[in-house]
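Any read-out appearing in this document is the output of simple, stated calculations on the displayed coordinates, not a laboratory observation. As the structure is a computational prediction, the values presented were derived from the model and not from experiment. Reconstructed Cβ throughout: ideal geometry from the backbone, glycine too, with neighbour counts over all protein chains shown.
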């Protein structure tokens, strides 16, 4: 799988998220659970999101990572949903269209590209998702 990678300047964005500590193999199950929490909260408050789903990964010293799954919008922290701000920053960016099962390979290619460019990996990464497609090749 060949992909295009570039450095971009991100814009700050406020997200309503649910979060959990996870290990890489747990992500496919836990991400759905976390999005379910956020969408149930949105429905209970009769709120609407202002963009697509976002998954945030915060890497630290401990095994695993903090994963946050949520949606953009002007929200306040409440109940099981927390309001977080993604900062303006420079980031390595790539676009993947296809089955989610290919994401670990996409991440590996992105990390290898950064290493070849002499760029250090930060402690924050995120994925922004488009609209859901039934056909996995179009996701």
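Given the Cα-Cα distance of residue 4 and residue 111 and 0.36 nm per residue of separation, how much length would full extension add, in nm?
Result for the pair: 37.2 nm of gain on full extension.
Applying 1/(1 + (r/R0)^6) with R0 = 30 Å to the Cβ-Cβ distance of residue 102 and residue 79, what FRET efficiency is obtained, to the nearest 0.05?
0.30
Measure nothing fancy, just the Cα-based angle from helix 27-45's long axis to the longest principal axis of the chain, in degrees from 0 to 90, nearest 10.
30
Starting from the Cα gyration tensor of the chain, take the square roots of the eigenvalues, sort them a ≥ b ≥ c, and report rounded, prolate or oblate (rounded when a/c is under 1.5, otherwise prolate if a/b is larger than b/c, else oblate). Display every interim value, and only then the final one.
On the way: a/c = 1.63, a/b = 1.44, b/c = 1.13.
Taking the square roots of the gyration eigenvalues as a ≥ b ≥ c, the chain is prolate.
Within segment 87-123, what residues put their amide N at less than 14 Å from the label point 7 Å along the Cα-to-Cβ vector of residue 11?
Output list for this probe position: 87-89.
Can you give the calculated 222 nm mean residue ellipticity of the chain, where each DSSP H run of n ≥ 4 adds -39,500 (n - 2.57) and the sum is split over every residue, rounded to the nearest 500 deg cm²/dmol? The partial results should precede the final answer.
Working: 2 runs with 33 residues, N = 139.
Taking each H run of at least 4 residues, the total per residue is -8000 deg cm²/dmol.
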